[in-house]
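A.B. asks: Got a structure here, written out as structure tokens. Questions coming.
FYI, it's all coordinate maths here, none of it is from the lab. Just so we're clear, the structure is a prediction, and the values are computed from it rather than from any experiment. Don't worry about glycine lacking a Cβ; one is built from the backbone with ideal geometry, like all the others, and counts go over all protein chains shown.
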Amino acid sequence: MNSAIVRALLVRGMLAGLGAGMLTFAFAYFVGEGSVDAAIAFEESNSHHAAGGEELVSRSVQSTAGLATGVLVFGVAVGGIAALAFCFALGRIGQFGARATAALTALAAFLTVYLVPTLKYPANPPAVGNPDTLDQRTALYFLMIALSVLLGIAAVLLGRRLAPGWGNWNASTAAGLAFLAAVTVAMVFLPSGDNVPNGFPATDLWEFRMASLGVQALLWAAFGLLFGYLAERVLEPRATASAGRGAELSAPAA
């Protein structure tokens with residue numbers, strides 16, 4: 001794969017991330033903001049400190065322009081990174097086409113970057129948690145992401161090494177079990193990061209975490225679909241064009 005194709009895929013990955021971010025912003029706004037407002041209300045009702053000065057950014061701006069900016073920038077950034085991962089994975093994880101490889105890349109990113117770390121350190125609303133432990137909790141979360149990604153890469157390499165002698169199915173199963181075992185060990189030895197205050201409504205916490213899961217699932221699913229389509233047009237332009245002409249010829253005349 002030459003540099004021109006990699007550059008084209010990188011741009012399309014960022015565009016796919018932007019499109020996925022737009023869908024995700026709509027979901028986050030309509031589904032997730034209610035639980036964030038509930039968490040802020042809980043914090044204000046249980047705060048024993050005097051009210052501070054005027055907030056620099058209003059809550060309405062945070063939940064609209066601020067949320068949109070954060071989600072779109074995140075979508076573009078991870079879209080570019082995932083596109084580079086796609087370039088590395090294409091042809092190295094099996095005889096998959098562009099769309100299938102994009103889907104597998106998006107699924108692997110969702111599992112290793114979000115789902116596995118979240119099982120150890122679940123998402124909490126912004127207003128929940130002790131500010132004094134914020135740096136420690138952030139460091140632990142990013143450490144879990146790094147471990148999850150590295151263990152995922154190691155599992156893929158293990159599966160490739162075992163495949164010639166064990167067969168693809170057995171090798172994939174063994175690599176998956178090894179990944180689960182290693183992740184479990186990491187979760188057992190890493191310290192807990194749960195910092196939900198007593199009395200916080202369980203329903204609001206559950207709704208926020210489900211909304212967070214939905215945001216990430218939608219982002220990666222949309223990215224996998226959009227980028228798979230765009231990557232196929234770059235890597236297989238003739239096949240795509242032929243399929244389109246074939247569909248036009250087979251369509252009944254008006």
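A.B. asks: Normalised by the residues of the stretch 117-181, what does the relative contact order come to in percent, with Cα pairs under 8 Å and at least six apart?
C.D. replies: 28 percent
A.B. asks: Size of the dipole of the stretch 99-228 about the Cα centre, Lys and Arg at +1 and Asp and Glu at -1 on the beta carbon, nothing else charged, in debye to 20?
C.D. replies: Once rounded to the nearest 20, the dipole reads 560 debye.
A.B. asks: Out of all Cα-Cα pairs in the stretch 139-210, roughly what percent, to the nearest whole number, are more than 15 Å apart?
C.D. replies: 65 percent
A.B. asks: Now a separate question. From the alpha carbon gyration tensor of the stretch 79-125, can you work out the equivalent ellipsoid semi-axes (sqrt of 5 times each eigenvalue) and give them in Å, largest to smallest?
C.D. replies: The answer is 25, 10, 8 Å, longest axis first.
A.B. asks: Additional query: Which one, P125, V185, A106, projects farthest toward the positive side of the charge dipole computed for the stretch 70-195 from Cβ point charges (K/R +1, D/E -1)?
C.D. replies: Checking the options against the dipole of the stretch 70-195, the answer is A106.
A.B. asks: Going by average Cβ density within 10 Å per residue, which order do the peptides 68-81, 98-111 take, highest to lowest?
C.D. replies: Put in order of decreasing packing, that is 98-111, 68-81.
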